[in-house]
Amino acid sequence: MPETILEMRGVEKRFDGVRAVHEASFSLAAGEVHALMGENGAGKSTLAKIVAGAVSADSGDIFVDGSPVTIRGPRDAQRLGIAMIYQELDLFPHLSVAENLVTGNDKFKEHGFVRPRDMDRFAEPVLRQVGLTCSPRSEVRSLSTGEKQLVSIAHALSMQARIILMDEPTSSLFDDAAERLFQVIAGLKQQGVAIVYVSHKMDEIFRICNRVTVMRDGETVGMRGIREVSPPDLIRMMIGHEWKPREREPVAPSGEVVLSFAGVTTGKLRDVSFELRQGEVVGVAGLLGSGRSEIGRALMGLDRCKRGKVWLRGRLSTIKSVADAFKMRIRWLPEDRKLDGLMMRMSIVENATISDLKRLSSMGFVDRLREREGALSCFQTLSLKSNSVTRAVGTLSGGNQQKVLLSRCLLGKPAILFLDDPTRGIDVGAKEDIYQIIGQLAAQGVGIIFVSSELPELLRFCDRILVMREGSIAADLDAGLTSQEEVLTCATQPPVSEAHA
Amino acid sequence: MRNQSAMRFLFLALLAGAAISCNRSNSASTPEGKHQFFVAFSQANNAEPYRAAQNDLMTKLFAAAGDVKLVIADAQQDNSKQVAQVETFIRQRPDLLIVAPNERAALTAVMGEAMEQKIPVICLERDILQPNYTTLVRSDNVEIGRMAGNFIRDYLVAKYKQPKGNVVEIQGLLGVEAAINRHKGAAEVLQEYPDIKIVADPVADWIQARAKDRMTEVLRAQPSIDVVYAHNDPMAVGAYLAAKELGREREMIFVGVDGLGGPAGGIKKVQDRILAATFVYPLCVDKTVEIALKILRDPTFHPDKEYTVAPQLVTPSNAAQLYQQSTVTP
Amino acid sequence: MRSSSSSTARQSFWKKLTGQQRDVTKSLGALIAIFIFASLLSPAASDGSNIFLQWGNLTDILRQVSIVGIISLGMNFVILTAGIDLSVGSILALSSTVVALLLTRWQPEMGYAAQISIAIGAALLISTASGALSGTIIAIFDVQPFVVTLAGMIGIRGLAKWLSSNANVDVGFGQDVASLFAAIFRGKPMIIGFYVVLAAIFSVLLGRTVFGRYVRAVGDNERASLYAGLPVRSVKLWVYSLSGLLAGFAGVLYAAENHQGNPNSGVGYELDAIAAVVIGGTQLSGGKGTIAGTIIGTLMIGVLTNMLRLNNVDSNVEMIVKGAIILFAVAVQKQGKDVR
């Protein structure tokens, strides 16, 4: 029985009052590869980051080699022999491989002047270990993604890490690079290095992992040995047994087609085709990076269509900018409300009205009365309560901020609405309010595209669900007839699924 | 909370610091008993050696007088600053205002205001557009220009047995009376001789480094130069350095203006044979202080509108003697 | 009983103000403190009156800060978009040179009023065009404002020097058209009046118009502004054009005030303008700031400088004090950010 090298119990973490990790427990044995699975937002990346010291837990116990430890930052983690390889590899692109390995590395003992020769000598053994043949002096940005990943692993090894956490390591790798990775992992296993493998991909997990822990809504719902379990079992654990009743009866498609994508190909999208009708709510599901937000970008004229066309009510779309889209009464809610949505230092009312000022002004002067009325009536519709409307929007809670952005959309009296993850990171009460307004809008005939990572939510509201996978539509499902399993399966498995064969 | 009170404390400390520096300036050197005359002097730019020498001499002479408090303000070659400084002086109602204008046009109006406020004004060395002063003390730059022209002509005649040759004239800040007149006087003399040609007349703003750059460009364009006439000594020296770098310093002679004493001044340069000649451009401070004291002490004294102080030619023959005599250190 | 109710009344008044209004009030408080301080430290005139508080001195201060003050108005807009304009000093020089040249070296067959109008118009036009050029490169080619306006600073001054052959263009005191121009525009009331009127116009522009809102939004979050359908490029272009226009105004007034078109003038004015804007509470990161704050910042520098000069402090100490105020003002703002 290999010894337990890492154990966590009762770990808690909140972000802005929203629970990311709750009562989580996890154990890791030397020489094992332990998978950490869950849907988007289940908390697996956060849990891994807690171990790596990138995020500090609010409470909970962590034991390394049986003794309790506190990990306040990455250096603490490094000293305990823990290293993490992030999904967006955090290498320095214009430094060399050796320089990357050496930076911030406690195991590289040089003071003052550092000679390239010393760095080479330090780098060579670990590079060989991971099978990298490039020179330690090559610039990192000249390497392929697969090679960069191996450099990250070499970095971890050069810190003599005994615990390596990998966050979605093959998400941007192609076939043979992934193979090389698996060989390296096999080698590390033999040396007794323990690996936490955060991933969605069933086939990989069943291929290389010993055990799997599933997370859902921030909790660790179960741990199984890989031979004791099957992919459908895991999916059921990820989804859970709660089943919310349908909030909306799916509307049979009867209205005119207000929006249609025909073979649209942009930088990220590949041959995307679908239709949206009046009063319809179409959900978009898929893993992060599968192209969900890119549909919105193509619609709003931010990404150019290399191939294919977008039709609006039967007419070719001439939208080249967001302002054009607004003229066609299309409004949207970007994915990241802080970075892409709100003007943090401006007031609530100003944020709500910023897209419609031309209408709310006369001769260039803002009509403050009309502006206030317009904004307040939207706020009322959304049940947004604030003791002062001149507060800066940055002081509001996430839910209220989202309502401000929605007010901005509503003020434009849109015919088509694209909502990108509107309920992410907000509290339950605000979510309900938003669900209500979506229902009302659909009843009024607005065509809505609803991107979300929460499957229950999509199943509750949408008439149809488009499942995205690697830039194209993997499935166009009827929400009333499908299930979470089916959606998740389409999102994660390649269309010809060997696992189910 | 703690930060807020720290901020208030810092703010008060800042004000206190300003207060202390104000007080220190105010109570500087006031001997007891006697009635102190307050003389305000607005200087165009302390950074020029000529003007620094003016400041030193003026401080010395007024201190020797015993009953004068002198305050000097440095406009750092900025017109707006000088106007503002003179305005502030006017508010303080000095017994006498001395102004060395940075530029003629800019200072004319504000000196008129001083006159309107019944403050006597001495305009020092540089003229302004209208006679808004009690008296102007200057040296005759046109006369210097003429003397320079004569010197150049005599040198060329000695060299070529006839009045011909190539002359480079390096000018000071255009629009300033000194530059205009040092050019005018020399041109008056030299235009009589069609074979004496001014082959280049770059502008170097009185600054040595700029003169060196301009001269380098001229050297590249001109194959043969006999005389370099610069409107002040630092520019002449700059031209010399430029020529030296290209190995042509023996081809020509260098003539400057100012003739300050001391190791960095023009007289020494003539002694060391770097400059062939210079002209002592008097600081005009002796005369100014003399007139100033008369104005202050004798209410019935009416000064002339203008006083001229004579320049002097410096050549290797009298350089050593003049150097000994020079009591002024730049 | 009474004290608590009046303190709660004060509290709710304070709460009613927006964050921006609170900042301006704080700055105003600091200005008043400095004002009182300066009058306390002021030397006395021969008749015993307080020199600092003399009407003539106070209006002197206003006039002394007006030209940089006008430039600061434009700089405020630019900085609000998280940009910067280093070329304003050079535009001032160009404007003063152009207006002086057109009034001294051009002798057309027209009345004085017409010639003066054309000269001023030409100066303003070329100034605005300079600003628009910078704005175009910044908005359309997405080059950093610092770099573009730095290039402008150098190039535009070169143009000014070339136009006048690096000479000053003197405007006399006679009866000619140039002297008339100077006589009209050089007076204290005229210069201060221009500053006040322009400040009022631009205050309204920022606070009450759609354009002003757009400027703040673009500075606060440019990407979000783009995603919200705002004409980001257009806003940037206008902002730099306005900055050029205001620098042009300042240049025309400078020429009148100093009786001179001077291609070497205005050196360092851009830094003074930035200092006033920053002290007045506008953050260099954009989005936050008011014209009122900038005016207060301008006045603060003016009053402190005057206080030092009245007490005959070495003029180099002025610069040290200015630097200290800037650091202090920024430190206070940074602390304020967390309180929000």
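The values are calculated or read from the model by the stated rules, or taken from the named source; none is laboratory data. Because the structure is predicted, anything quoted here is derived from the model rather than measured. Cβ coordinates were reconstructed from backbone atoms using ideal geometry, including for glycine residues, and neighbour counts include every protein chain displayed.
Within segment B:290-297, does at least one residue satisfy the condition of being outside the structural domain of B:Asp272 (by TED's automatic domain parsing), outside any helix (DSSP H, G or I) and not charged (D, E, K, R)? Taking every residue of segment B:290-297 in turn, none turns out to be outside the structural domain of B:Asp272 (by TED's automatic domain parsing), outside any helix (DSSP H, G or I) and not charged (D, E, K, R). Only one entry of A:Leu405, A:Leu441 meets the criterion of being surrounded by 22 or more Cβ atoms within 10 Å (Cβ to Cβ) and either touching a strand residue (DSSP E or B) at 6+ places or on another chain (Cβ under 8 Å) or over 26 Å from A:Val310 (Cβ atoms) (or both), and that entry is A:Leu405.
Taking segment C:40-66 as the range and being farther than 22 Å from B:Lys118 by Cβ, more than 7 Å from chain B (Cβ to nearest Cβ) and in contact (Cβ under 8 Å) with a residue 40 or more places away in the chain as the test, the residues that pass are C:Ile61, C:Leu62, C:Val65, C:Ser66.
With respect to the stated conditions, B:Met252 fails to be within 24 Å of B:Glu48 (Cβ to Cβ), surrounded by 21 or more Cβ atoms within 10 Å (Cβ to Cβ) and more than 19 Å from the chain's Cα centre (by Cα). Taken over segment B:42-69, the criterion of being more than 15 Å from the chain's Cα centre (by Cα) and facing chain C (nearest Cβ under 10 Å) is satisfied by B:Lys69 alone.
Entry remark, segment B:91-117: residues being at the interface with chain C (Cβ under 8 Å from one of its Cβ atoms) and over 22 Å from B:Phe301 (Cβ atoms) number 8 in total. The residue that is nearest to the other protein chains (Cβ to nearest Cβ), counting only those in segment B:124-138 that are outside any loop (DSSP other than H, G, I, E, B) and farther than 17 Å from B:Gly175 by Cα, is B:Leu136.
Just one of the listed residues (C:Leu242, C:Leu299, C:Leu304, C:Leu271) is aliphatic (A, V, I, L, M), part of a helix (DSSP H, G or I) and either closer than 20 Å to C:Thr128 by Cβ or touching a Ser or Thr at 6+ places or on another chain (Cβ under 8 Å) (or both), namely C:Leu242. Annotation: C:Trp162 fulfils all but one of (1) more than 14 Å from chain B (Cβ to nearest Cβ); (2) farther than 21 Å from C:Leu198 by Cα; (3) without any contact (Cβ under 8 Å) to a residue 60 or more places away in the chain; (4) in a helix (DSSP H, G or I); the unmet one is (1).
Scanning segment B:89-107 for residues that are surrounded by fewer than 24 Cβ atoms within 10 Å (Cβ to Cβ) and part of a helix (DSSP H, G or I) yields B:Ile90, B:Arg91, B:Arg104. Can you spot a residue in segment A:193-207 that is in a loop (DSSP other than H, G, I, E, B) and over 24 Å from the mean Cα position of the chain (by Cα)? Yes, segment A:193-207 contains a residue that is in a loop (DSSP other than H, G, I, E, B) and over 24 Å from the mean Cα position of the chain (by Cα). Does B:Phe301 satisfy being among the aromatic types (Phe, Trp, Tyr) and more than 21 Å from the chain's Cα centre (by Cα)? So B:Phe301 passes the test.
Number of residues in segment A:144-171 that are part of a loop (DSSP other than H, G, I, E, B) and either touching a residue at least 60 places away in the same chain (Cβ under 8 Å) or in contact with a Pro (Cβ under 7 Å, 6 or more places away or on another chain) (or both) equals 7. Taking the conditions exactly as written (crowded, with 22+ Cβ neighbours inside 10 Å, away from chain B (no Cβ under 12 Å) and charged (D, E, K, R)), does C:Glu270 satisfy them or not? So C:Glu270 fits the description; yes.
One residue stands out among those in segment C:58-75 that are among the polar types (S, T, N, Q) and within 8 Å of the chain's Cα centre (by Cα): the one that is surrounded by the fewest Cβ atoms within 10 Å (Cβ to Cβ), which is C:Ser66. Filtering segment C:310-337 to residues that are modelled with pLDDT under 75 and either within 8 Å of another protein chain (Cβ to nearest Cβ) or not in a helix (DSSP H, G or I) (or both) leaves C:Val332, C:Gln335.
Beta carbons closer than 7 Å, at least 6 apart along the sequence or on distinct chains, pair a first residue in segment A:271-289 that is closer than 14 Å to A:Ala479 by Cβ and acidic (Asp, Glu) with a second that is part of a loop (DSSP other than H, G, I, E, B) and modelled with pLDDT under 90 for A:Glu280/A:Val251; A:Glu280/A:Pro253; A:Glu280/A:Gly255; A:Glu280/A:Asp463.
Within segment A:402-424, if we keep just the residues that are touching an Asp or Glu at 6+ places or on another chain (Cβ under 7 Å) and part of a loop (DSSP other than H, G, I, E, B), the residue that is nearest to A:Leu360 (Cα to Cα) turns out to be A:Gly412. Between C:Ser179, C:Ser225, the distinction of being within 14 Å of chain B (Cβ to nearest Cβ) and part of a helix (DSSP H, G or I) belongs to C:Ser179 only. For segment A:378-386, the condition holds for no residue, the condition being that it is touching a helix residue (DSSP H, G or I) at 6+ places or on another chain (Cβ under 9 Å), within 13 Å of another protein chain (Cβ to nearest Cβ) and over 25 Å from C:Asp23 (Cβ atoms). Pairs are defined by a Cβ separation below 9 Å, a sequence spacing of at least 6 or placement on different chains, a first member in segment B:281-302 that is under 23 Å from B:Gln36 (Cβ atoms), and a second member that is among the aromatic types (Phe, Trp, Tyr) and in a helix (DSSP H, G or I); the pairs so defined are B:Val289/B:Phe62; B:Ala292/B:Phe62; B:Leu293/B:Phe62.
Looking only at segment B:171-211, count how many residues are assigned to a helix (DSSP H, G or I) and either farther than 23 Å from B:Glu125 by Cα or touching a residue at least 40 places away in the same chain (Cβ under 8 Å) (or both). Spell out the reasoning first.
First, the residues of segment B:171-211 that are assigned to a helix (DSSP H, G or I): B:177-190, B:208-211.
Checking which are either farther than 23 Å from B:Glu125 by Cα or touching a residue at least 40 places away in the same chain (Cβ under 8 Å) (or both) leaves us with B:177-179, B:181-190, B:209-211.
Total meeting the criteria: 16.
Specify the residue that is nearest to B:Pro49 (Cα to Cα); the eligible residues are those in segment B:232-247 that are of a type outside the set (A, V, I, L, M) and not in a helix (DSSP H, G or I). Going through the qualifying residues, I end up with B:Asn232. Selection of segment C:234-280 for residues being of a type in the set (Val, Ile, Thr) and within 11 Å of C:Gly74 (Cα to Cα) yields C:Val239, C:Ile274, C:Val277.
Can you name the residue in segment A:347-362 that is out of contact with any helix residue (DSSP H, G or I) (no Cβ under 6 Å at 6 or more places or on another chain) and at the interface with another protein chain (Cβ under 9 Å from one of its Cβ atoms) and is also modelled with the highest pLDDT among such residues?
Step one: list which residues in segment A:347-362 are out of contact with any helix residue (DSSP H, G or I) (no Cβ under 6 Å at 6 or more places or on another chain), which gives A:347, A:350, A:358-359, A:362.
Those still in the list that are at the interface with another protein chain (Cβ under 9 Å from one of its Cβ atoms) too: A:347, A:350, A:358.
On the way: A:Ser347: 89, A:Glu350: 92, A:Lys358: 89.
Among residues in segment A:347-362 that are out of contact with any helix residue (DSSP H, G or I) (no Cβ under 6 Å at 6 or more places or on another chain) and at the interface with another protein chain (Cβ under 9 Å from one of its Cβ atoms), the one modelled with the highest pLDDT is A:Glu350.
If only residues of segment A:336-380 that are acidic (Asp, Glu) and within 19 Å of C:Asp220 (Cβ to Cβ) are counted, the one that is surrounded by the fewest Cβ atoms within 10 Å (Cβ to Cβ) is A:Asp336.
In the set B:Ala105, B:Ala158, B:Ala148, only one residue is within 28 Å of B:Val280 (Cα to Cα), in contact with a His (Cβ under 7 Å, 6 or more places away or on another chain) and not basic (Lys, Arg); that residue is B:Ala105. Of the numbered criteria (1) touching a helix residue (DSSP H, G or I) at 6+ places or on another chain (Cβ under 8 Å); (2) modelled with pLDDT under 95; (3) farther than 24 Å from C:Val235 by Cα, the one C:Ile154 fails is (2).
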